[in-house]
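Everything on this sheet refers to the single structure shown next.
The values are calculated or read from the model by the stated rules, or taken from the named source; none is laboratory data. Keep in mind that what you see is a predicted model, and the values were worked out from it rather than measured. Counting neighbours? That spans all protein chains shown, and the Cβs are built from the backbone with ideal geometry, glycine included.
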Amino acid sequence: MAKVTGPLHSDGAAGTLGKSIVFFAWKGLHVVRQWVVPSNLKSADQGDVRIVFGGLGQSTRCIGLEDSTHTASPYAIDARASTPSGQTFVSYLVQFLIKTYMADATAYEAIYTAFEAHAQKAIFTAQAAILELADFDVTYKGTAHVFSAGMQLYMLGKYGIAMLALKEDVFNRAPYTTAIGDWAAGDPVLLKTDLLPVVI
């Protein structure tokens with residue numbers, strides 16, 4: 001049943017009408033749309049999208065933010081400075097990484113292959129464990145591989161390098177000044193440290 005209100009001649013409605021239309025408020029506006037039953041087909045294509053979004057989204061949990069005893073991590077400060085106005089740094093980071101590196105299943109598998117072949121894969125994985133990252137998987141994906149915790153950390157490194165190339169005044173320090181394929185054993189450790197919040 002829809003509920004209609006009309007204060008000062010600005011009518012609004014909320015609810016469904018006969019399982020055909022839905023009235024609701026959105027960004028301060030009163031809007032109406034067709035009533036639909038959401039479906040979740042769990043297709044391989046949906047799985048491929050969800051593993052990328054899920055893995056990248058999970059990676060951002062290790063970016064240290066400010067609280068009562070810490071200031072934001074250096075990584076968080078630079079990620080915020082890299083973000084266009086009107087967006088959160090997490091949404092921009094995920095959007096940028098998808099658009100630049102993981103636009104489809106083939107690109108995802110290419111990143112997976114590059115990470116698996118990286119000389120510092122074991123160190124990325126060990127540092128990801130310290131940051132309490134976990135492998136991310138979707139059982140119905142079309143791609144063959146999980147989004148590992150080490151690969152999540154690897155992608156945060158790629159983001160810092162890409163932002164330095166675009167902006168020059170952010171992430172202008174080791175390890176981001178070195179191409180990720182050339183990272184030495186200490187570079188994933190530097191990345192992990194850069195992600196940690198700073199004690200006040």
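Would you mind listing the strands (runs of 3 or more DSSP E) fully within the stretch 10-52 where at least 2 residues are at pLDDT below 80 and farther than 29 Å from residue 141 by Cα? Lay out the reasoning, then the answer.
Values: elements: 12-17, 21-26, 29-34.
Where strands (runs of 3 or more DSSP E) fall fully within the stretch 10-52 and carry at least 2 residues being at pLDDT below 80 and farther than 29 Å from residue 141 by Cα, they are 12-17.
Return the pairs, sorted by first residue and then second, in which the second residue is outside any loop (DSSP other than H, G, I, E, B) and polar (S, T, N, Q), the first residue lies in the stretch 166-193 and is on the phi > 0 side of the Ramachandran plot, the beta carbons are less than 9 Å apart, and the residues are 6+ apart or on different chains. Note: pairs meeting the criteria are 171/82. Reported count of residues in the stretch 64-100, each being under 22 Å from residue 173 (Cβ atoms) and either of a type in the set (Lys, Arg) or touching a helix residue (DSSP H, G or I) at 6+ places or on another chain (Cβ under 9 Å) (or both), is 22.
Checking the condition touching a strand residue (DSSP E or B) at 6+ places or on another chain (Cβ under 8 Å) and among the aromatic types (Phe, Trp, Tyr), which residue from 115, 147 passes? Show your work before the answer.
Details: 115 fails: touching a strand residue (DSSP E or B) at 6+ places or on another chain (Cβ under 8 Å).
Step by step, each of 115, 147 is checked, and only 147 is touching a strand residue (DSSP E or B) at 6+ places or on another chain (Cβ under 8 Å) and among the aromatic types (Phe, Trp, Tyr).
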